[in-house]
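J.: Dropping the structure in here first, questions after.
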Amino acid sequence: MDAYVSFVRAWPLTSAALQFAVLGTLGEAAAAWLRERRFFAPFPARAALLKALGWSALAVCIKYAFAGFTAFVAGLSAKGLLPAQLGPFAFAFAVSLSMNLQFGPFLVIAHRLIDNGIDGRRNWAGLDRALLSLLWFWVPAHTVTFMLPEDLRIGLAAIWSLALGIILGFYGARSAGRTA
């Protein structure tokens with residue numbers, strides 16, 4: 001764990017990019033595997049590389065958002081615009097809620113634009129569900145994330161991306177089973 005924390009501290013943007021490149025892309029693959037109920041290459045190698053690069057770019061934005069929204073909530077609290085003594089859970093929830101309501105829609109749309117560019121088509125189907133995931137998945141997930149020490153937050157966020165891919169894969173498989 002010490003080596004991981006040292007790496008994250010020494011290379012904050014690179015480590016964020018690498019973690020999301022691997023786990024975010026794996027989450028997309030896992031969703032496809034579960035949806036199709038088989039293990040296969042869900043996208044060509046070029047698309048996988050581009051998806052990893054897309055996740056890397058998103059990770060840099062996420063890293064900055066984590067720092068910015070943590071400072072934002074602390075600043076609101078210091079100015080008396082939030083209760084002055086937020087406990088750890090309330091502070092984490094406030095950061096998660098503010099980040100996911102303000103930055104989250106941008107990230108969802110940016111992710112879709114990246115995917116559309118990689119796939120060479122315009123696909124806006126399910127964007128409403130992706131935006132709703134900010135409330136049912138990301139606010140609770142990031143509340144847990146912001147209760148951790150700063151050095152562990154991006155790693156957990158990348159793991160949450162994998163977890164959401166698995167959840168969506170199960171949901172997709174279940175939906176496909178109902179229509180078949």
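J.: Taking the Cα atoms only, what angle lies between the long axis of helix 150-179 and the longest principal axis of the chain, rounded to 10 degrees?
T.: Computed tilt is about 40 degrees.
J.: Something else now. Mind checking the alpha-carbon convex hull of the stretch 2-179 and giving the volume per residue in Å³?
T.: 127 Å³
J.: Also, I was wondering about something else. So which chymotrypsin sites (Phe, Trp or Tyr not before Pro) in the stretch 32-80 are both in a DSSP loop and have at most 16 other Cβ atoms within 10 Å of their Cβ?
T.: Those that pass, being in a loop and sparsely packed, are F39, F40.
J.: If one computes the Cα centroid of the stretch 56-76 and of the stretch 77-140, what distance in Å separates the two points?
T.: Cα centroid of the stretch 56-76 versus Cα centroid of the stretch 77-140: 11 Å apart.
J.: Specify which residue in the list S56, T143, A92 is farthest towards the positive end of the charge dipole of the stretch 2-179, using unit charges on the beta carbon of Lys, Arg (+1) and Asp, Glu (-1), about the Cα centre.
T.: S56
J.: Another one. Let me know the charge dipole size of the chain about its Cα centre in debye, to the nearest 20, where only the beta-carbon of Lys, Arg (+1) and Asp, Glu (-1) is charged.
T.: Dipole about the Cα centre, nearest 20: 500 debye.
J.: Could I ask something else about it? What nm distance separates the two modelled labels at R38 and A110, each placed 7 Å from Cα along Cα→Cβ?
T.: 3.7 nm
J.: Okay, next question. Along the Cα→Cβ direction, 7 angstrom out, place labels at I159 and F7. What is the inter-label distance in nm?
T.: Between I159 and F7, the label points sit 1.5 nm apart.
No lab work stands behind these numbers, since they all come straight from the coordinates. Every value quoted in this text rests on a predicted model; they were computed, and no experiment measured them. Counting neighbours? That spans all protein chains shown, and the Cβs are built from the backbone with ideal geometry, glycine included.
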